[in-house]
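Here the structure is laid out as structure tokens; the discussion comes afterwards.
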Amino acid sequence: MKAYFFITIFFLVSQVTVNAQFKELSSSYSPGLKDSTVKSKKSAHRLSPGKVCLMSAILPGSGQIYNGQWYKAGVLYAGMATIIYFINWNQQYYADFKQAYIYRTDNNPLTIDKYDTASHSGQPFISDPNTLVSYREYYHHNRDLLYILAAVVYATNIIDAYVYAHLKDFDISDKLTLELNLSRFSYTTMGFSYTPSVKLKF
């Protein structure tokens, strides 16, 4: 259940960061500036998507830092640290129950697992070896699920940095308009006929 909980948290955080990214892109446009000033500013701060993608692949979070999005790098590192912690946590329990099952079924009275009353380890007593198998598989499944989540976070880190580098210079000004007009194209015995046309103005 812990693994599913952190998957939910991850997607919620992703949604928040995507919304914040588009707000940041929208706020970066100043309609009062002249076109030449805007173009020169964009050229000076133009990002290289390929470079950003490579940086994020080598060191997760570095692409976001290069883009100037420090808060995303912080969220990424916090998320990865949490995932790594629970991977180790599940791995420890998986190894414990795996070893306990081996000791319980080896028919050797000298090997006593920590879930046996004779071990005096303070752990809860589990009498049925099949229960040990169930716990072993449970933590094994959670660990593997967290590995997949870590891979998804890693890929998202690369995609996010790459997409932002592309959208940084995307024109979202008020000059970008879409108009629908009627254009005359032929003359018939019934009069002129018209067809709709679409014009994109910058």
Does any residue of segment 90-106 turn out to be farther than 30 Å from ILE159 by Cβ and small (Gly, Ala, Ser)?
yes
Scanning segment 110-143 for residues that are at pLDDT below 85 and either of a type outside the set (A, V, I, L, M, F, W, C) or in contact with a strand residue (DSSP E or B) (Cβ under 6 Å, 6 or more places away or on another chain) (or both) gives THR117, SER119, HIS120, SER121, GLY122, GLN123
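Scan segment 99-147 residue by residue and report those that are assigned to a loop (DSSP other than H, G, I, E, B) and more than 27 Å from TYR85 (Cα to Cα). Before the answer, list the steps.
Filtering segment 99-147 down to residues assigned to a loop (DSSP other than H, G, I, E, B) leaves 106-116, 120-128.
Selection gives ASP106, ASN107, ASN108, PRO109, LEU110, THR111, ILE112, ASP116, HIS120, SER127, ASP128.
Of all residues being among the aliphatic types (A, V, I, L, M) and without any contact (Cβ under 8 Å) to a residue 24 or more places away in the chain in segment 129-155, which is farthest from VAL75 (Cα to Cα)? Just the residue, please. So that I can check it myself, show each step before the final result.
Let us first name the residues in segment 129-155 that are among the aliphatic types (A, V, I, L, M), namely 132-133, 145-146, 148-153, 155.
If we keep only those that are without any contact (Cβ under 8 Å) to a residue 24 or more places away in the chain as well, we get 148, 151, 155.
Working: ILE148: 18, ALA151: 16, ALA155: 15 Å.
That would be ILE148.
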Going through (1) touching a residue at least 12 places away in the same chain (Cβ under 8 Å); (2) assigned to a helix (DSSP H, G or I); (3) surrounded by 15 or more Cβ atoms within 10 Å (Cβ to Cβ) one by one, TYR77 fails only at (3)
Screening PHE10, PHE22, PHE86, PHE6 for residues that are at pLDDT 95 or above and in a helix (DSSP H, G or I) leaves only PHE86
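So which residues in segment 101-128 are touching a residue at least 24 places away in the same chain (Cβ under 8 Å) and over 41 Å from the mean Cα position of the chain (by Cα)?
Step one: filter segment 101-128 for residues touching a residue at least 24 places away in the same chain (Cβ under 8 Å), giving 101, 104-105, 126.
Passing the criteria: ARG104, THR105.
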Restricted to segment 82-98 and to residues being over 16 Å from TYR135 (Cβ atoms) and of a type in the set (A, V, I, L, M), the residue surrounded by the fewest Cβ atoms within 10 Å (Cβ to Cβ) is ILE84
Counted residues in segment 58-72 being of a type outside the set (D, E, K, R), buried (at least 20 other Cβ atoms within 10 Å of the Cβ) and in a helix (DSSP H, G or I) come to 2
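The values are calculated or read from the model by the stated rules, or taken from the named source; none is laboratory data. Remember, it's a predicted structure, so these values are computed and weren't measured experimentally. All Cβ positions, glycine included, derive from the backbone under ideal geometry; neighbour counts span all protein chains shown.
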